[in-house]
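Right, one structure below, let's go through it.
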Amino acid sequence: MQDKEFDQLFKDRFEEAEVQPSANLWGNIAEQLEPKRKHAALVYWWSVAAVILMTVGIGLLTPKTEKIRLQSKGEIAAAEVVLKDTVPVSADQILISSVAAADQDTANISTPLVIAPRYDAAEEKNNLFAVQPNTVDSRPDIKKPEVPAAENAEPENKTVAVNEVMIASADLSDNDPEALTASSSQEHRGIRNVGDLVNFVVNKVDKRENKIVQFDTDDDNSSLVSLNLGIIRFSKRSNK
Amino acid sequence: MKLTQYSIDELLEGCKAGNRKMQEALYKQTAAKMMAVCMRYAKNRMEAEDTLQVGYIKVFQKVKEYRGDGSFEGWIRRIMVNTAIESYRKNLKAMNVVPIEDAYEQPATGFDFSRLGMQDLMKVIQKLADGYRLVFNMYIIEGYSHKEIAETLGISEGASKSQLSRARAILKEEIIRMEGINYATHAG
């Protein structure tokens with residue numbers, strides 16, 4: 001048999017050849033075609049679940065944010081008074097008060113400083129002066145070398161502390177009203193979509209003014225507005 | 001299974017729309033022919049079914065690109081062949097040239113090949129080394145030129161030609177050997 005005939009034989013035999021594949025093969029193909037549609041929806045709901053879980057988790061890990069703010073307000077009030085009053089006070093007076101402070105327990109340092117100038121009506125001032133010089137006089141001379149050191153160190157420390165607190169307080173007081181109105185208005189609108197749901201949960205758990213995550217739900221498509229993961233922050237609202 | 005409920009045009013439109021029922025109908029109508037194509041390119045049934053499955057996934061993904069030039073069945077068949085070539089190239093173990101003891105141009109005197117059926121030929125073709133089987137299929141059955149084969153497989157035209165004659169020689173020898181055994185057992 002020549003090659004040509006041989007080749008033709010194969011061609012003829014295979015031309016209309018049919019072999020039945022296994023019965024389950026279509027099932028395999030259909031299965032491989034299927035996942036695509038389900039996939040998108042699944043990914044969406046999993047990501048929603050992940051965001052909620054993450055928010056709750058971080059909320060539980062950082063429960064003391066509010067207390068810190070309250071404390072800071074008190075300190076600011078005290079610090080402001082100290083700042084106001086220490087500036088015009090003469091060198092002698094600082095000397096006196098700092099010596100008095102040095103005597104006290106370290107935990108109570110700020111109280112006499114604050115109270116003494118804060119409530120100084122003219123009369124009370126005089127009374128205090130009448131009391132305080134005695135303590136200075138009663139001090140032995142050995143204490144005096146310490147005074148300049150305390151004098152230098154203390155006002156410095158205090159001003160630094162005051163500055164820090166002041167910055168924090170400035171932020172809070174500036175942004176607080178906005179944050180409050182924003183969150184309260186969202187809560188009152190009710191939950192219409194997933195973005196609202198996430199915002200609701202986040203509002204309940206995260207009391208900071210920069211929430212861990214916030215969605216804009218004005219239109220029906222919830223879009224990410226801001227993100228606050230501590231290190232990574234993202235916000236669509238321009239910072240004032 | 002010749003329950004041709006849908007015309008080719010209906011099937012085509014349905015598949016383009018991603019209609020699962022139409023996809024299944026197209027599969028049912030063409031799978032047996034395509035399985036035969038895949039079998040020629042495979043060592044065994046399992047390998048052929050793998051190719052068939054991958055091939056049909058491609059068919060349903062690419063059906064929107066089918067512009068209607070040439071028959072739809074021919075288009076599906078080309079996808080199957082290309083899938084088989086691809087999978088060969090993926091696990092390319094060189095051209096697997098198995099030397100055989102001077103079977104070359106052995107005169108097959110008096111042997112009547114024409115009584116061989118499709119299944120006999122399928123058996124011997126599947127026994128060929130991968131490279132031989134690929135070149136034989138592409139040239140003899142699918143009608144590629146040696147130049148096209150050389151380009152597709154990244155070999156020289158000369159290599160394609162010599163692979164083909166080797167494949168042919170091995171097939172002849174194998175058929176005679178198989179039929180000889182059959183004859184011997186029947187006679188014995």
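Bear in mind these aren't lab numbers, they're just calculated from the coordinates by the rules spelled out. Please read these numbers as outputs of a predicted model, since none were measured by experiment. Cβ: placed from backbone, ideal geometry, glycine included. Neighbour counts: every protein chain shown.
The residue among B:131, B:154, B:165 whose Cα reaches farthest toward the positive pole of the charge dipole of the range B:113-187, with charges on the beta-carbon of Lys, Arg, Asp and Glu, is B:165.
Here the simple spin-label model places points 7 Å from the Cα toward Cβ, and for residue B:114 and residue B:58 these points are separated by 3.7 nm. Within the shell of other residues whose beta carbon sits under 13 angstrom from the beta carbon of residue B:146, the net charge comes to -2, with Lys and Arg scored +1 and Asp and Glu -1. Counting every alpha-carbon pair across the range B:113-187, the share separated by more than 15 Å comes to 57%.
With the simple model of a label 7 Å out from the Cα in the direction of the Cβ, residue A:50 to residue B:78 spans 4.1 nm. Debye sum, Cα scatterers, the range B:8-90, no solvent: what log₁₀ I/I(0) at q = 0.14, 0.18 1/Å? Debye intensities relative to I(0), on a log10 scale: -0.43, -0.70.
Each of residue B:20 and residue A:191 was given a label point 7 Å from its Cα along the Cα-to-Cβ line. The distance between the two points is 3.1 nm. With R₀ fixed at 22 Å, the C-beta to C-beta distance from residue B:151 to residue A:12 puts the FRET efficiency at about 0.20.
Near residue B:44: Cβ cut-off under 13 Å, other residues only, Lys/Arg at +1 and Asp/Glu at -1. The net charge is +2.
Could you point to the residue in B:53, B:80, B:42 farthest towards the positive end of the range B:8-90's charge dipole, with +1 and -1 charges on the Cβ of Lys/Arg and Asp/Glu respectively? So the residue we want is B:42. For the pair residue B:89 and residue A:62, a Förster radius of 51 Å applied to the C-beta separation gives a FRET efficiency near 0.35, rounded to the nearest 0.05.
Apply the a/c threshold of 1.5 to the C-alpha gyration tensor of the range A:3-58 and tell me whether it is rounded, prolate or oblate. Since a/c reaches 1.5 and a/b is larger than b/c, the shape of the range A:3-58 is classed as prolate.
Say the cut-off is 26 Å between C-alpha atoms; which of B:33/B:127; B:33/B:161; B:58/B:90; B:21/B:90; B:21/B:58 go over it? Long pairs (Cα-Cα over 26 Å): B:33/B:161; B:21/B:90.
With 26 Å as the limit on Cα-Cα distance, the pairs of B:28/B:172; A:4/B:28; B:16/B:123; A:4/B:62; A:11/B:28; A:11/B:16 that go past it are B:28/B:172; A:4/B:28; B:16/B:123; A:4/B:62; A:11/B:16.
Take the Cβ atoms of residue A:234 and residue B:9, set R0 to 60 Å, and the FRET efficiency comes out at 0.70.
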